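The structure appears right after this line, and notes come after that.
Each reported figure results from applying straightforward, stated rules to the coordinates on display, with no laboratory input. Every value quoted in this text rests on a predicted model; they were computed, and no experiment measured them. Neighbour counts run over all protein chains shown; Cβ positions are idealised from the backbone, glycine included.
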DNA sequence: CGTTGCATGTAAGGTGTTACATGATTAC
DNA sequence: GTAATCATGTAACACCTTACATGCAACG
């Protein structure tokens, strides 16, 4: 991967990168200059809820790669007192690359990696009480996450390009709400019909 | 990682393994002997919907590691005409390890990696029609997945330990249904309030 | 007669993580 | 004074995937 292939008329270049690289490029496609640190914060507030919670070190390496490929441009921005920032902006070919990826790549299947579900799935190995506690903690965490999503929605500037991020956060909110109610239902159904025997332990 | 640490009274040993290793161990904890191939099929029919869709090669390597750690035991099972199967069963210390992990490890946060959401989030880069088509395709895929989940639920044997897998599949069904309705709502909301200007492209 | 299913495994390499190094400023 | 925030980056390494190698049986 990470090789640049010229396809068809030699322009625009189609770049084979992982989806997460396009996510970083996408964050820069809203027009503002961002530092690696800015990207991390924005990703944590927004992208995290439906796509990715990147490690900060990973973002820095991704930005280096994207710069080598000419998809972003970085420059030092002196900060008084503080350490210099390195600010990045997307290039024309970067913008073309994300757009091409969006249109051409046939969207992979979504994936849900839910450790709580995995634990309940293995419920026969633990005491029923353990599951109840697990699900309660999960519901609490969901309430937290829902509050954060609402804060992110409130924080979105009302301009044009931001319509889509706002709409997706709204969609994400529905998903987490569904998780919340389904988890409560699950908890109740496990209590209502408790095991006759001891768990196989 | 993958080192065995003895904690406290030297028994049971606490094993530091990735969650996916415990998923494989968990599949074996239902008591039946399974081959790598069996595990792959079962994971694809069940685990995939809420946790993991492992590569078959990964499963084979994971089983090797688990055997070296003494958490599973494998033996050759001659098949007439066909290639030999290598069947695995969980050991007592394997069962102790999964159970300890379930009880002690404080469940990581779930993660949702949703390429469709990412694309809609970047909606300002594409034509509105592209998003409509994307969401339609997504809804179709969801209907497929829901049908598969229902098939898996129907295929679950009605015995004792299988209560939990059935309950989790039911939970997963709710999540996918929520995705379906939220995606339809999203699609409509994007059509109802179309962009005044051309997309910034 | 080609594809799909059954069945196992190795090799190579990309993706993404944690740990570490560094250092100023602000808040408790 | 100690923690948190701002800010960037390297090194090491674990995780997991794709590609490849192999081969029989059954279905259309």
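Just a few scattered comments:
- Most mobile of A:29, A:105, A:183 in a GNM of chain A (Cα contacts under 10 Å): A:105
- Looking down the axis that turns chain A into chain B, the chain A residue with its beta carbon nearest that axis, and the gap rounded to whole angstrom, comes out as A:178, 2.
- In degrees, nearest ten, helix B:92-104 long axis to first principal axis of chain B (Cα): 40 degrees
- Whole-number Å³ per residue for the convex hull built on Cα positions in the stretch B:53-111: 108 Å³
- Each other copy holds its own label point for residue A:128; taking that point as 7 Å from Cα along Cα to Cβ, the gaps run 5.4 nm, nearest first.
- The stretch A:39-62-the stretch A:91-128 distance, computed between alpha-carbon centres (Å): 14 Å
- Simple spin-label estimate for residue A:185 and residue A:104 gives 4.2 nm between the two label positions (7 Å along the Cα-to-Cβ direction from each Cα).
- Among B:173, B:40, B:85, residue whose mean-square fluctuation peaks in a GNM of chain B (springs only between Cα atoms under 10 Å): B:85
- Degrees separating the helix B:36-45 axis from the principal Cα axis of chain B, which is the longest one: 30 degrees
- Each residue, residue A:177 and residue B:64, gets one label point 7 Å from its Cα in the Cβ direction; the gap between the two is 4.9 nm.
- Label-point spacing at residue B:55 relative to the other copies reads 1.9 nm, in ascending order, each point sitting 7 Å out from Cα along Cα→Cβ.
- Measuring how big chain B is from its alpha-carbon positions, Rg and Dmax come out at 21.8, 69 Å.
- Choice from A:26, A:158, A:70 with maximal GNM fluctuation in chain A (Cα, 10 Å cutoff): A:158
- Degrees separating the helix B:128-155 axis from the principal Cα axis of chain B, which is the longest one: 30 degrees
- Teacher prompt: residue B:107 distances to equivalent labels in other copies, 7 Å Cα→Cβ, nm: 2.9
- Gyration tensor analysis over the Cα atoms of the stretch A:4-104 returns equivalent ellipsoid semi-axes of 24, 16, 11 Å (largest first, whole Å).
- Fraction of alpha-carbon pairs over 31 Å apart in the protein assembly as shown - percent: 47 percent
- Paramagnetic reach from residue A:93 in the stretch A:46-66 [backbone N under 13 Å; point 7 Å along Cα→Cβ]: A:66
- In whole percents, the pair-distance distribution calculated for the stretch B:107-197 from its alpha-carbon pairs, binned every 5 Å from zero, is 3, 11, 19, 19, 15, 12, 9, 6, 4, 2, 1, 0.
- Residue A:45 versus residue B:56: modelled label distance in nm, points set 7 Å from Cα along the beta carbon direction: 4.7 nm
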